[in-house]
Amino acid sequence: MILSSKERRLAYMSSFLFDTNALIYWTYQHSPFHEEVSKLLEASLQSKNSICALASSLKDVYFALCSHYTDEATARRSIALIAEVFDLVDLSGLLVWDAIDSDEPDYEDGLIRAAAEALQVDAIITYDSKAFRNSPIPKLTAQEAIQKLFKY
């Protein structure tokens, strides 16, 4: 995937925080959204975008992969790949309290939102239709991010 100079300028300063579901879709190749998440990551890495994930999301990805999709060794390799590719965001006490006080449907979504707001990312990459509705940070699927930010 080759970007024009205009597309590279548009995409260069973008930053994304990936929700756990997007990480699972990326690491599990048989997921319905694996290709579009992979395409967004490829374009983001080529454009030098900041791609972030909560360090705490790795345990959720690991658990989901082991419980539903694959064996332990493959799940462990998957979280190692996430740790290698993404900028991992550690949680602070302030983010925890922001998540507890948030209006998100669950605590994990509250953590994602609090981190996204603290980092001032351009978008949260997610497939959760109920989460982040009141967040000042837009939520996008990988396909929406590709279309809006990379003009494909």
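Keeping to region 1-48, report how many residues are modelled with pLDDT under 95, in contact with a helix residue (DSSP H, G or I) (Cβ under 6 Å, 6 or more places away or on another chain), outside any helix (DSSP H, G or I) and within 23 Å of S135 (Cα to Cα).
1
What tally of residues in region 116-148 results from selecting those that are within 15 Å of the chain's Cα centre (by Cα), assigned to a helix (DSSP H, G or I) and either under 14 Å from N49 (Cβ atoms) or in contact (Cβ under 8 Å) with a residue 60 or more places away in the chain (or both)?
Total satisfying the criteria: 6.
What number of residues within region 59-104 satisfy the criterion of being touching a residue at least 12 places away in the same chain (Cβ under 8 Å), among the acidic types (D, E) and not in a strand (DSSP E or B)?
Of the residues in region 59-104, 5 are touching a residue at least 12 places away in the same chain (Cβ under 8 Å), among the acidic types (D, E) and not in a strand (DSSP E or B).
What do you reckon, is A53 hydrophobic (A, V, I, L, M, F, W, C), in a helix (DSSP H, G or I) and buried (at least 17 other Cβ atoms within 10 Å of the Cβ)?
No; evaluated as a whole, the condition is false for this residue.
Test L149 against the stated conditions and say whether it is buried (at least 21 other Cβ atoms within 10 Å of the Cβ), within 22 Å of K59 (Cα to Cα) and at pLDDT below 90.
Against the criterion (buried (at least 21 other Cβ atoms within 10 Å of the Cβ), within 22 Å of K59 (Cα to Cα) and at pLDDT below 90), L149 does not qualify.
The values are calculated or read from the model by the stated rules, or taken from the named source; none is laboratory data. Worth saying up front: this structure is predicted, and the values here are computed from it rather than measured. Here Cβ is always computed from backbone atoms with ideal geometry, including for glycine, and neighbour counts include all displayed protein chains.
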